[in-house]
Amino acid sequence: MKIFLVAGARPNFMKIAPIYRSSLTVPGVDCRIVHTGQHYDYEMSQAFFDDLEIPQPQYFLESGSGSHAVQTAKIMVAFEKICESEKPDLVMVVGDVNSTLACSIVAKKLLIKVAHVEAGLRSFDLTMPEEINRMVTDAISDYFFVTEESGRRNLLREGKPAECVHFVGHVMIDNLLHQIKKIEDEDVKKFSVFSLKPEKKTYAFVTLHRPSNVDDRDTFMGIAAALNEIAQELIILFPVHPRTKKMMEKFQIRFSENIKMIPPLGFKESLFLWKDAKVVLTDSGGLQEETTALGIPCVTIRENTERPITIELGTNVLAGTTKEGILNAYRQCFAKGKNASIPPLWDGKAAERIWEELTKI
Ligand code: UD1
């Protein structure tokens, strides 16, 4: 079975790493990595391939940045060519980025089966580009691998046949558990951020990149005001996404001296910092889940989440995007963290389960 495993943007790389590694143990599977080139800077892409020990992609599509239409179209045109010449039996897409959407549409129209990993998540917020990507990808996929019970519920409500929906756990957590073990044996003194790291639990770690948070001046100003207030109590480490950097400059947003801004980090250096933070404040999808898996309090700077299990069972508190909302959630999250537990099947074996299901097809 020839399989194209598609990745394009930063959060995809953590998901394909365990799927690819596990594929090497499955007889009869020829799993090939396709990198769409949606993310291309060293820190946004190659740093993850290096850290996560992913081999160089067999196919690199060099699609690059652009508006949603331009980016999606470029990926589709390039991906169609390799699907036509290589004729894979299955295209596996992960997550909810534009590459996920583009490649699933191309494959399906060429009558190639599509498997969606991290299927069924819904924020029910159609202003979010990822929600559209999730809905369209799920509308045409053949096999659905879900990370939490809500994913299964959503897909069944949308009429998917139960036998195509597989609750397997979360490949992103497979990757996290694999890497956290490795980091224990690593010489962390060589990390560029080593000297930046304060004492355990004395600092906060922040990531911010959603267009809804950083592309709107008033929203971004409110978030910055909340972070500046928290920075009176805690040092904040803040790796800045390229989009966020651009908008900070445009809106001339000022951060307190206690907020240490650093360039985007590779997976290991980022993990090295956030795993010992007192709290993580983020608008990332993945970090909401990863913090839950390690029991680190998390404040999610968004109005909604497509990952409700992180609130129901995990350490996540949804803050909204106003200054008051963020400060309230920040206070609330410490009490909540005490009762948190790990969601079902987030045990590091999701990739194995995916291959078990796929080899039955
Ligand atoms: C994308 C995903 C989002 C994911 C995020 C993680 C979509 C719709 N969005 O958002 O779900 O959470 O990745 O980072 O797919 N840029 C660079 N270097 C790069 C890549 C991007 O400088 O290597 C800059 C470009 O100016 C680009 C901007 O960042 O215009 C945004 O990149 P893009 O891939 O369009 O969206 P993200 O905001 O990164």
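The values are calculated or read from the model by the stated rules, or taken from the named source; none is laboratory data. Everything numeric here is computed off the predicted structure, so don't read it as measured data. Neighbour counts run over all protein chains shown; Cβ positions are idealised from the backbone, glycine included. For accessibility, only protein heavy atoms count, side chains too; no ligands or nucleic acids. Shrake-Rupley method; radii C 1.70, N 1.55, O 1.52, S 1.80 Å.
Could you please report the charge total around Gln252, scoring K, R as +1 and D, E as -1 over all other residues with beta-carbon less than 13 angstrom from its beta-carbon?
On the way: positive: Arg217, Lys245, Lys246, Lys250, Arg254; negative: Glu249.
With Lys, Arg at +1 and Asp, Glu at -1, the net is +4.
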If I fit a long axis through the Cα atoms of helix 217-230 and take the longest principal axis of the Cα atoms of the chain, what angle between them do I get, 0 to 90°, rounded to 10? 60 degrees
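Distances over 36 Å make up what percent of all Cα-Cα pairs in the chain?
So the pairs more than 36 Å apart make up 17 percent of the total in the chain.
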For a 30 Å ceiling on Cα separation, which of these pairs sit above it: Lys181/Lys323; Lys160/Lys360; Lys246/Lys268; Lys81/Lys246; Lys201/Lys250; Lys246/Lys349? Lys181/Lys323; Lys81/Lys246; Lys201/Lys250; Lys246/Lys349
Any idea how far apart Ala69 and Asp218 come out in nm if each label point goes 7 Å out from Cα toward Cβ? 2.9 nm
Name the residue from Ser85, Pro297, Ile183 whose Cα lies farthest towards the positive end of the charge dipole of the chain, charges +1 on Cβ of Lys and Arg and -1 on Cβ of Asp and Glu. Pro297
With 0.36 nm assigned to each residue of separation and the Cα-Cα distance removed, Asp125 to Thr202 gains 24.2 nm
Once both labels are modelled 7 Å past Cα along the beta-carbon direction, what's the Glu303-Asp185 spacing in nm? 4.8 nm
Counting only heavy atoms of protein chains, what accessible area per residue, in Å², does segment 71-153 have with a probe of 1.4 Å? 36 Å²
Taking 7 Å along the Cα-to-C-beta vector as the label spot, tell me the Asn328-Val77 distance in nanometres, rounded to one decimal. 4.9 nm
Of Met44, Met247, Met135, the most mobile residue in a GNM of the chain (C-alpha springs, cutoff 10 Å) is Met247
Residue-normalised accessible area of segment 266-361, given per residue in Å² at a 1.4 Å probe: 35 Å²
Alpha-carbon Rg with Dmax, taken over segment 153-254, Å: 19.6, 53
Put one equal scatterer on each alpha carbon of segment 42-178, apply the Debye formula with no solvent term, and list log10 I(q)/I(0) at q = 0.16, 0.21, 0.22 1/Å to two decimals. -0.92, -1.40, -1.44
Could you tell me the largest-minus-smallest coordinate of the C-alpha atoms of segment 203-261 on each of the three principal axes, in descending order and whole angstroms? 27, 19, 16
Which of Leu24, Leu234, Leu265 moves most in a GNM of the chain, Cα contacts under 10 Å? Leu24
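At a Förster radius of 35 Å, what calculated FRET efficiency corresponds to the Cβ-Cβ distance of Glu257 and Tyr42, to the nearest 0.05? Before the final figure, lay out the partial values.
Numbers: r = 28 Å, r/R0 = 0.80.
That gives a FRET efficiency of 0.80.
GluC sites (Glu not before Pro) within segment 170-246: which are DSSP loop residues with at most 16 other Cβ atoms inside 10 Å?
In loop regions of segment 170-246 (DSSP not H, G, I, E or B), the sparsely surrounded GluC sites (Glu not before Pro) are Glu186, Glu199, Glu233.
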Could you work out what % of the accessible surface of the chain is carbon and sulfur, using a 1.4 angstrom probe and leaving DNA, RNA and ligands out of the count? 53 percent
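At R0 = 30 Å, how high is the FRET efficiency between Gln56 and Val136 if r is their beta carbon distance? Nearest 0.05 is fine.
Numbers: r = 29 Å, r/R0 = 0.98.
After rounding to 0.05, the efficiency reads 0.55.
With charges set only on the Cβ (+1 for Lys and Arg, -1 for Asp and Glu), what does the dipole of the chain come to about its Cα centre, in debye to the nearest 20?
Working: 44 positive and 48 negative charges, 49 e Å.
Result for the chain is approximately 240 debye, rounded to the nearest 20.
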Can you give me the angle between helix 171-184 and the longest principal axis of the chain, using Cα atoms only, in degrees from 0 to 90, rounded to the nearest 10? 60 degrees
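Suppose every K and R has +1 on its Cβ and every D and E has -1 on its Cβ; what is the size of the dipole of segment 160-209 about the Cα centre, in Debye to the nearest 20? Don't jump to the answer; show the numbers that get you there.
Numbers: 8 positive and 7 negative charges, 44 e Å.
Magnitude of the dipole: close to 220 debye.
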Of all trypsin sites (Lys or Arg not before Pro) in segment 212-283, the ones in DSSP coil with at most 11 other Cβ atoms within 10 Å are Arg254
